[in-house]
Amino acid sequence: MEQNRLSVVVPMLNEQGNIEELYRELTHVVRQLRFFASYELIFVNDGSSDQTLSIAKRIALNDPCAKIISFTRNFGHEHATYAGICHALGDAVVLIDADRQDPPVLILEFEKEFASGTNIVYGQRTERLNESWLKKVTSKAFYPLFRWMTRVDLPNNVGDFCMMSRRAVDALLALPERTLFIRGMIYWSGLSKKAVPFVRRPRGAGTTTYNYSKLTIFALENIISFSMVPLHWIIFLSLLIIGVSVGSAVVTLAMSLLGYARAIGWLLVLCGMIFLCATMLLAVGIVGLYVGKIFQEIKQRPIFIVDEYVNFDKKTGPRLSPGRHYTKV
């Protein structure tokens, strides 16, 4: 049988209470795999300020299959995930968060679907334990909105937890942008995919760094990264305002000629000015986000800087050359 290798990518930020237990769960699962004869666990330290890195190093000291990429500072969850994908050498790559909400045992089900030829096997949440109703409602609303605005077939209720074939990984790494939304980039390729339903567990330890404002900004930026629909909305809204303004002027003139109360004209003018100002601010904000994305891309800065590697073979480098998307100092 062909000696297939599995790479498991684990981005982590201040997860000192979860790393050891997650490592035990992962190793227990990957040793049961049949399609994959070997594996590597790639822990990406995204500038943790607690004992996450030292715990991961202790694990790597006793297990050569555990590898570490440590950033010089916090670059963000998407960048940490991307770093792990860049350095993964497996025939398939699993993405899983370090908070232990995604059950590693599901990888066994991923393997079955992957072995049948599916390029992307993803975990689909049927229930989200210990999450507020607002978080559940907003999350459910995001997916159909994203699909409608971007035409990317992003499945409902999914995170980054998935298994990708080497073909899917190479398609993702071929995308040149530096503004990353890994979830969208995975499904943008249109390669074959299959869902494996599961119940998302409560966080193992610690607290999430995402709040509603961060999640809202995250969702807005991701839509803008994949779609020009908001710019089309600005054009349509501008046409609507022009139509309303012309109509209001005609109505006001007609009422004045017919002798109705003249005060209504001032009221319409006031409402129109307020509406116009708010609309202009919204339009400028949306255009500004697109300009900001362009600004980030043309700077050509590395999207992360690696401070330290642990257990990596120097002869087998990452899939991308340093300098294109990242650098090592």
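Residue-by-condition table, conditions (1) among the polar types (S, T, N, Q); (2) out of contact with any Leu (no Cβ under 6 Å at 6 or more places or on another chain); (3) at pLDDT below 70; (4) not in a helix (DSSP H, G or I):
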site: M185; (1), (2), (3), (4): no, no, no, no
site: I234; (1), (2), (3), (4): no, yes, no, no
site: L237; (1), (2), (3), (4): no, yes, no, no
site: V250; (1), (2), (3), (4): no, yes, no, no
site: I264; (1), (2), (3), (4): no, yes, yes, no
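One residue is enough: does the range 82-99 have a residue meeting the conditions among the hydroxyl-bearing types (S, T, Y) and surrounded by fewer than 21 Cβ atoms within 10 Å (Cβ to Cβ)? No, that holds for no residue. Is at least one residue of the range 52-63 more than 21 Å from P11 (Cα to Cα) and without any contact (Cβ under 8 Å) to a residue 60 or more places away in the chain? Among the residues of the range 52-63, not one is more than 21 Å from P11 (Cα to Cα) and without any contact (Cβ under 8 Å) to a residue 60 or more places away in the chain, which makes the answer no.
Please tell me if E40 is at pLDDT 95 or above and in contact with a Leu (Cβ under 8 Å, 6 or more places away or on another chain). Considered against the rule, which asks whether it is at pLDDT 95 or above and in contact with a Leu (Cβ under 8 Å, 6 or more places away or on another chain), E40 comes out as yes.
Among residues belonging to the range 276-305 that are β-branched (V, I, T) and within 20 Å of P176 (Cβ to Cβ), point out the one that is surrounded by the most Cβ atoms within 10 Å (Cβ to Cβ).
Only one residue fits best here, namely I303.
Annotation note: of R183, R125, the sole residue that is free of Cβ contacts under 8 Å to residues at least 40 places away in the same chain and buried (at least 20 other Cβ atoms within 10 Å of the Cβ) is R183.
Residue-wise test of (1) buried (at least 20 other Cβ atoms within 10 Å of the Cβ); (2) of a type in the set (F, W, Y); (3) in contact with a His (Cβ under 8 Å, 6 or more places away or on another chain).
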residue	(1), (2), (3)
F146	yes, yes, no
D160	no, no, no
V169	yes, no, no
A174	no, no, no
K193	yes, no, no
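Any residue in the range 29-43 that is crowded, with 22+ Cβ neighbours inside 10 Å, in contact (Cβ under 8 Å) with a residue 12 or more places away in the chain and either assigned to a loop (DSSP other than H, G, I, E, B) or of a type in the set (V, I, T) (or both)? Yes, the conditions are met somewhere in the range 29-43. Being hydrophobic (A, V, I, L, M, F, W, C), in a strand (DSSP E or B), at pLDDT 90 or above and under 19 Å from the mean Cα position of the chain (by Cα) is a property that holds for V94.
The condition of being assigned by TED's automatic domain parsing to the domain that holds A195, outside any helix (DSSP H, G or I) and in contact with a Lys or Arg (Cβ under 6 Å, 6 or more places away or on another chain) holds for only one of R125, R100, R73, that being R125. Only one entry of K67, K136 meets the criterion of being out of contact with any Cys (no Cβ under 9 Å at 6 or more places or on another chain), modelled with pLDDT of 95 or more and of a type in the set (K, R), and that entry is K67.
Across the range 302-329, the number of residues qualifying as within 15 Å of Y82 (Cα to Cα) and modelled with pLDDT of 80 or more comes to 5. Yes or no: the range 70-87 includes at least one residue that is more than 25 Å from the chain's Cα centre (by Cα) and more than 22 Å from I186 (Cβ to Cβ). For the range 70-87, residues more than 25 Å from the chain's Cα centre (by Cα) and more than 22 Å from I186 (Cβ to Cβ): absent.
The values are calculated or read from the model by the stated rules, or taken from the named source; none is laboratory data. Note that this is a predicted model, so its numbers are computed, not measured. Cβ atoms come from the backbone with ideal geometry, glycine included; neighbour counts cover every protein chain shown.
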